[in-house]
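Only the coordinates and a few stated rules stand behind these numbers; no lab work does. Computed from a prediction, not measured in an experiment: that's the story for all the values here. Positions of Cβ are generated from backbone atoms using ideal geometry, with glycine treated the same way; all protein chains shown enter the neighbour counts.
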Amino acid sequence: MSLPHAILTALLERPSSGLELTRRFDRSIGYFWSATHQQIYRELGRLEAEGYICTLPTEQPARGQKKSYEVLAAGRAELARWTAASQDPKPQRDVLLLRLRAAAVVGTAGLEADLRRHLELHRLQLAEYEEIQRRDFPPGKDAPEDRLRHLVLRAGIDLETFWTRWLGHALEELGELPGPS
């Protein structure tokens, strides 16, 4: 149920067309809640049918013209209800951790290279988040909405920091194991 709420959030931040919304997802919300363009467009239709959003009027109606959407009062109320609701944490599911566990019984062939690849990917993502932080959250930018957005980014930075440290430790452990790795 979170994709509709991610879309409502993005549209409350700025009314957008479907294309603009998918681009914004690719640059911000998509870092922590991904969705394909098709999922976003499908959800826009559902949100409009449920009366949570509406199409903004256009100057000249034309076939194939992009529609822009804005959130209606019912959509804002639904987002506020969802935001205030309680939700339990979700269990961690990570294929890399499962593969590492499987390596304990079948061997570690090929695992070291993939751990190094993952480490590089997490380092790149960490660098990207740190650049966003430098660019978008300079000292003194402390309006309540900025502080909450920065908190979300900080979670991404902390998670990537965790993964880079953990993968470094995993590679050290793997290097100390007897036999081929």
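Screening Y41, Y69 for residues that are surrounded by 11 or more Cβ atoms within 10 Å (Cβ to Cβ) and not in a helix (DSSP H, G or I) leaves exactly one candidate, Y69.
Looking across segment 95-109, the residues that are touching a helix residue (DSSP H, G or I) at 6+ places or on another chain (Cβ under 9 Å) and either assigned to a loop (DSSP other than H, G, I, E, B) or without any contact (Cβ under 8 Å) to a residue 60 or more places away in the chain (or both) come down to L96, R99, A103, T108, A109. Just the residues that are assigned to a helix (DSSP H, G or I) and not hydroxyl-bearing (S, T, Y), please, taken from segment 79-94. Matches in segment 79-94: L79, A80, R81, W82, A84. Considering R14, R99, the condition of being farther than 30 Å from E173 by Cβ and not acidic (D, E) is satisfied by R14 alone.
I want to confirm something. Restricting to segment 75-94 and keeping residues that are in contact (Cβ under 8 Å) with a residue 24 or more places away in the chain and more than 19 Å from the chain's Cα centre (by Cα), which single residue is surrounded by the fewest Cβ atoms within 10 Å (Cβ to Cβ)? Among them, the one singled out is R76.
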